[in-house]
Amino acid sequence: MMQERPFDLLNKALGQQVLIRMKGSMVIRGRLKSFDAHMNLAIDNAEELEGGELKAKVGTMVLRGGNIVFVSPI
Amino acid sequence: MMQERPFDLLNKALGQQVLIRMKGSMVIRGRLKSFDAHMNLAIDNAEELEGGELKAKVGTMVLRGGNIVFVSPI
Amino acid sequence: MMQERPFDLLNKALGQQVLIRMKGSMVIRGRLKSFDAHMNLAIDNAEELEGGELKAKVGTMVLRGGNIVFVSPI
Amino acid sequence: MMQERPFDLLNKALGQQVLIRMKGSMVIRGRLKSFDAHMNLAIDNAEELEGGELKAKVGTMVLRGGNIVFVSPI
Amino acid sequence: MMQERPFDLLNKALGQQVLIRMKGSMVIRGRLKSFDAHMNLAIDNAEELEGGELKAKVGTMVLRGGNIVFVSPI
Amino acid sequence: MMQERPFDLLNKALGQQVLIRMKGSMVIRGRLKSFDAHMNLAIDNAEELEGGELKAKVGTMVLRGGNIVFVSPI
Amino acid sequence: MMQERPFDLLNKALGQQVLIRMKGSMVIRGRLKSFDAHMNLAIDNAEELEGGELKAKVGTMVLRGGNIVFVSPI
């Protein structure tokens with residue numbers, strides 16, 4: 001049996017709502033459309049949050065993996 | 001069927017308006033001319049925004065991928 | 001006899017509670033589900049701590065290895 | 001037909017005036033002499049700008065690609 | 001005769017007390033259990049210090065090499 | 001004819017006075033003795049400057065390429 | 001004749017006193033015992049300096065190359 005890896009969790013989260021924290025302090029909530037080996041993410045229905053509240057609706061976006069702190073399915 | 005990847009979203013956005021946030025807090029709006037595997041972007045009709053308002057017209061520019069936080073088609 | 005390596009300690013911690021400090025000052029406590037060669041981690045029952053106190057329940061998350069300072073089994 | 005890439009824009013800008021923003025907040029204006037695959041740039045007639053005004057004449061310089069935010073032909 | 005390398009010093013320090021300074025300003029003191037080619041370290045009996053005084057007992061931990069400033073046998 | 005590259009400019013500057021700005025804000029002036037593919041530099045007769053004034057005579061030094069912002073022959 | 005490289009200067013400094021500035025602002029003075037291709041350094045009789053004054057005697061240490069700004073034989 002192959003050992004599970006963190007990217008398996010991203011794979012299961014495809015099509016679902018995720019919360020993403022970026023370096024600095026940007027927080028994004030949206031639907032995970034796709035990811036790649038660098039942890040670059042495509043998100044749609046993306047919203048930027050501040051203090052848990054909606055700050056801006058962003059729509060579709062590509063987040064650069066190198067600046068991601070964590071991704072959490074919600 | 002090949003799985004979709006985040007760069008497919010950049011590919012679909014070619015020739016269209018995008019919003020780009022860079023590390024620090026620079027925000028750029030313009031037309032996506034091209035990109036490469038490092039997420040370096042060429043943008044034309046580029047404008048630098050501050051607080052959502054136009055700060056400066058930059059024209060054509062190459063943005064270095066390593067300093068990009070996100071790219072969003074608008 | 002092969003020499004022990006730091007990732008052996010992560011391997012022994014699979015399924016157990018760990019404390020993780022990220023760059024910036026985020027502290028996460030949760031169960032280590034999996035890790036990969038970049039030290040990306042999947043955590044479940046994750047909680048964000050502040051000053052040792054619970055700040056937020058996050059559930060399941062993928063932490064990017066490049067932003068990790070330390071991982072400690074607890 | 002080969003797809004255009006961001007470095008094609010640098011190639012077209014050879015011998016012309018460019019504006020370069022570096023990490024931190026240094027802004028350089030000068031003539032693009034050459035570049036390489038790391039986006040290292042050689043610039044001549046280089047001037048450092050501050051608030052759009054001339055701060056210092058630097059002459060010829062090599063800018064390290066990793067610290068570049070953007071390059072814009074002007 | 002092969003030339004000595006900095007990692008030889010880590011090798012000699014295995015099983016001994018070391019002091020580690022991380023980026024930011026975290027200081028860790030503990031016993032070096034193992035290390036790898038990225039300078040990731042496994043430490044046991046780890047203690048976090050502040051101003052030379054004990055701040056917290058951490059037990060066993062994996063420190064990410066990329067965030068290490070120095071390691072010193074004590 | 002081979003296209004010129006930024007490192008050709010470093011090659012021409014060998015044995016001559018250069019000004020180097022490092023990340024943070026250190027400025028070094030001295031004679032360029034050698035460089036390598038990572039833009040690591042060996043400098044002799046090195047002086048650290050602050051506000052254009054001499055702050056300290058350093059003598060010979062190796063500057064790490066990754067922390068260089070620019071190198072300028074003077 | 002092979003061209004000289006910056007690491008030749010480190011090689012000549014083996015066994016001699018060097019001054020090292022790290023990112024942040026840590027300054028270390030000590031005897032260069034060894035180095036490797038990443039510019040990791042082993043130092044003995046190491047002292048941490050602050051404002052040119054002795055702050056702490058550290059003894060033997062391994063300094064991580066990626067966080068070094070410069071190394072200067074003294």
**Fill in**
In the protein assembly as shown, taking the dipole from +1 charges on Lys and Arg beta carbons and -1 charges on Asp and Glu beta carbons about the Cα centre, the listed residue (D:Ile28, A:Asn40, E:Gln3) farthest towards the positive end is E:Gln3
**Request:** Using a 1.4 Å probe over the heavy atoms of the protein chains, calculate the carbon and sulfur portion of the accessible area of the range F:6-73 as a whole percent.
**Result:** 46 percent
**Request:** Can you quote the Å³ per residue value for the convex hull of the Cα atoms in the range A:35-74, rounded to an integer?
**Result:** 84 Å³
**Request:** Output ³J(HN,Hα) for the range F:30-42: one whole-Hz value per residue in order, computed from phi by the Karplus curve 6.51 cos²θ - 1.76 cosθ + 1.60 with θ = phi - 60°, and x for Gly and Pro.
**Result:** x, 9, 6, 8, 6, 8, 10, 5, 8, 6, 4, 10, 9
**For the A-to-E rotation axis, chain A residue with nearest beta carbon and its distance in angstrom** = A:Gly66, 8
**Prompt:** Rounded to the nearest 20 Debye, what is the dipole magnitude of the protein assembly as shown about its Cα centre when Lys and Arg each give +1 and Asp and Glu each give -1 at the C-beta?
**Reply:** 100 debye
**Request:** Specify the inter-centroid distance of the range A:5-74 and the range C:32-62, based on alpha-carbon positions, in whole Å.
**Result:** 16 Å
**Asked** Could you give P(r) for chain G, binned at 10 Å from zero, as whole percent values over all Cα-Cα pairs?
**Response** 21, 56, 19, 4, 0
**Sparsely packed trypsin sites (Lys or Arg not before Pro) within chain D, loop by DSSP, other Cβ within 10 Å at most 15** = none
**Asked** Among the lysines, which have Cα under 30 Å from the Cα of G:Lys55 when same-chain residues fewer than 8 positions away are ignored?
**Response** C:Lys23, E:Lys12, E:Lys23, E:Lys33, E:Lys55, E:Lys57, F:Lys23, F:Lys55, F:Lys57, G:Lys12, G:Lys23, G:Lys33
**Message:** What does the charge count around D:Glu47 come to, taking other residues whose C-beta lies under 14 Å from its C-beta (Lys +1, Arg +1, Asp -1, Glu -1)?
**Reply:** +1
**Prompt:** Over the range C:6-73, what is the mean sequence separation of C-alpha contacts under 8 Å (at least six apart), divided by residue count, expressed as relative contact order in percent?
**Reply:** 32 percent
**Item:** Accessible area that becomes buried as C packs against E, both chains, 1.4 Å probe, Å², nearest 100
**Value:** 1600 Å²
**Inter-site label distance for B:Ile74 and A:Glu47 at 7 Å from Cα along Cβ, in nm** = 2.0 nm
**Asked** What is the pair-distance distribution P(r) of the protein assembly as shown, computed from all Cα-Cα distances in 20 Å bins starting at 0, with each bin given as a whole percent?
**Response** 21, 50, 29, 0
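The values are calculated or read from the model by the stated rules, or taken from the named source; none is laboratory data. Keep in mind that what you see is a predicted model, and the values were worked out from it rather than measured. Heads up, the Cβs are rebuilt from the backbone with ideal geometry, glycines too, and the neighbour counts pull from every protein chain shown. Only protein heavy atoms, including side chains, enter the accessible area calculation; ligands, DNA and RNA are left aside. Shrake-Rupley method; radii C 1.70, N 1.55, O 1.52, S 1.80 Å.
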